[in-house]
Amino acid sequence: MANANILYGSRIGNGNTIFPGAVIGAIPQDLKFQGEETTAEIGDNNLIRENVTINRGTAAKGRTIVGSNNLLMEGMHVAHDALIGNGCIIGNSTKMAGEIVIDDNAIISANVLMHQFCHVGGHVMIQGGCRFSKDIPPYIIAGREPIAFCGINIIGLRRRGFSNEAIESIHNAYRIIYQSGLNTTDALKKIENEFEKSPEIDYIVNFIRSSERGIIK
């Protein structure tokens with residue numbers, strides 16, 4: 001649309017709608033940036049609303065990536081080297097720092113502040129006004145101040161077609177992680193030993209085990 005700014009380094013797919021005031025491909029807000037050849041890459045069929053800013057990458061990863069079929073609402077910021085998956089909804093004025101990762105189908109409400117290097121799992125729901133510096137594992141609702149686990153995202157999972165059995169398995173896994181009193185390592189071992197293998201359980205265990213910042217409590 002009129003007054004959208006598409007700058008050097010932008011790579012944009014098909015079917016996107018970019019609203020007035022959006023800025024794509026601006027150089028990173030990172031003092032380590034030395035003018036490297038980097039990109040801001042956007043997939044297909046995204047809605048990028050007014051005043052959204054998507055910066056280019058730095059030497060760290062070389063590119064910022066936004067996948068396909070996302071809704072990026074007014075005034076939100078995607079910093080350098082971030083990776084946003086597919087089917088995400090990110091609310092007004094939410095700000096993400098550099099090198100964050102957001103997996104597919106995450107819903108992040110308005111005015112959320114994300115620390116650099118954080119990882120947000122798929123199918124989560126993050127309540128408005130939150131701020132966090134740890135990873136948020138998949139399939140959960142996160143909210144309150146300070147941010148905390150608030151249960152699993154049952155409505156979102158049902159809308160996405162997860163079976164009752166899969167939802168119950170996810171629920172039981174998080175009971176062990178958050179309510180059993182076990183430390184994280186022992187909780188994951190218990191889940192691996194006692195649960196039937198499934199893509200959902202594998203995703204939860206692998207996500208938490210590979211977390212470098214640790215997960216929210």
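For segment 22-41, the set of residues classified as more than 16 Å from residue 71 (Cα to Cα) and among the small types (Gly, Ala, Ser) consists of 25, 26, 35, 40, listed by residue number. Total residues in segment 133-142 satisfying the condition of being touching a Ser or Thr at 6+ places or on another chain (Cβ under 9 Å) and over 21 Å from residue 209 (Cβ atoms): the figure is 0. For segment 30-48, the set of residues classified as in contact (Cβ under 8 Å) with a residue 24 or more places away in the chain and over 20 Å from the mean Cα position of the chain (by Cα) consists of 30, 32, 33, 34, 36, 37, 38, listed by residue number.
Contact map, segment 49-60: first residue surrounded by 19 or more Cβ atoms within 10 Å (Cβ to Cβ), second residue at pLDDT 95 or above and of a type in the set (Lys, Arg), Cβ cut-off under 9 Å, separation 6 or more or different chains; pairs are 56/63; 57/63. Considered as a group, the residues in segment 156-168 that are of a type in the set (A, V, I, L, M) and touching a residue at least 24 places away in the same chain (Cβ under 8 Å) include one that is surrounded by the most Cβ atoms within 10 Å (Cβ to Cβ), and that residue is 157.
Conditions (1) at pLDDT below 95; (2) crowded, with 18+ Cβ neighbours inside 10 Å; (3) not in a loop (DSSP other than H, G, I, E, B), marked per residue:
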{"residue": "2", "(1), (2), (3)": "no, no, no"}
{"residue": "15", "(1), (2), (3)": "no, no, no"}
{"residue": "21", "(1), (2), (3)": "no, no, no"}
{"residue": "29", "(1), (2), (3)": "no, no, no"}
{"residue": "32", "(1), (2), (3)": "yes, no, no"}
{"residue": "40", "(1), (2), (3)": "no, yes, yes"}
{"residue": "44", "(1), (2), (3)": "no, no, no"}
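Here segment 82-97 is the region considered, the condition is being of a type in the set (A, V, I, L, M, F, W, C) and assigned to a strand (DSSP E or B), and the residue that is surrounded by the fewest Cβ atoms within 10 Å (Cβ to Cβ) is 89.
Among 64, 58, which is more than 17 Å from residue 113 (Cβ to Cβ) and in a strand (DSSP E or B)?
When all the criteria are applied, what remains is 64.
Determine whether segment 120-131 contains at least one residue that is in contact with a strand residue (DSSP E or B) (Cβ under 8 Å, 6 or more places away or on another chain), surrounded by fewer than 14 Cβ atoms within 10 Å (Cβ to Cβ), of a type outside the set (S, T, N, Q) and under 30 Å from residue 76 (Cα atoms). Talk me through it step by step, then tell me what you get.
Narrowing segment 120-131 to residues in contact with a strand residue (DSSP E or B) (Cβ under 8 Å, 6 or more places away or on another chain): 120-121, 124-127, 130-131.
From what is left, the residues that are surrounded by fewer than 14 Cβ atoms within 10 Å (Cβ to Cβ) are 131.
In the following step, the residues that additionally are of a type outside the set (S, T, N, Q) were identified as 131.
Adding the requirement that they be under 30 Å from residue 76 (Cα atoms) leaves 131.
Yes, some residue in segment 120-131 is in contact with a strand residue (DSSP E or B) (Cβ under 8 Å, 6 or more places away or on another chain), surrounded by fewer than 14 Cβ atoms within 10 Å (Cβ to Cβ), of a type outside the set (S, T, N, Q) and under 30 Å from residue 76 (Cα atoms).
The values are calculated or read from the model by the stated rules, or taken from the named source; none is laboratory data. These numbers come from a predicted model, not from an experiment. No Cβ is skipped: glycine too gets one built from the backbone with ideal geometry, and neighbour counts run over all protein chains shown.
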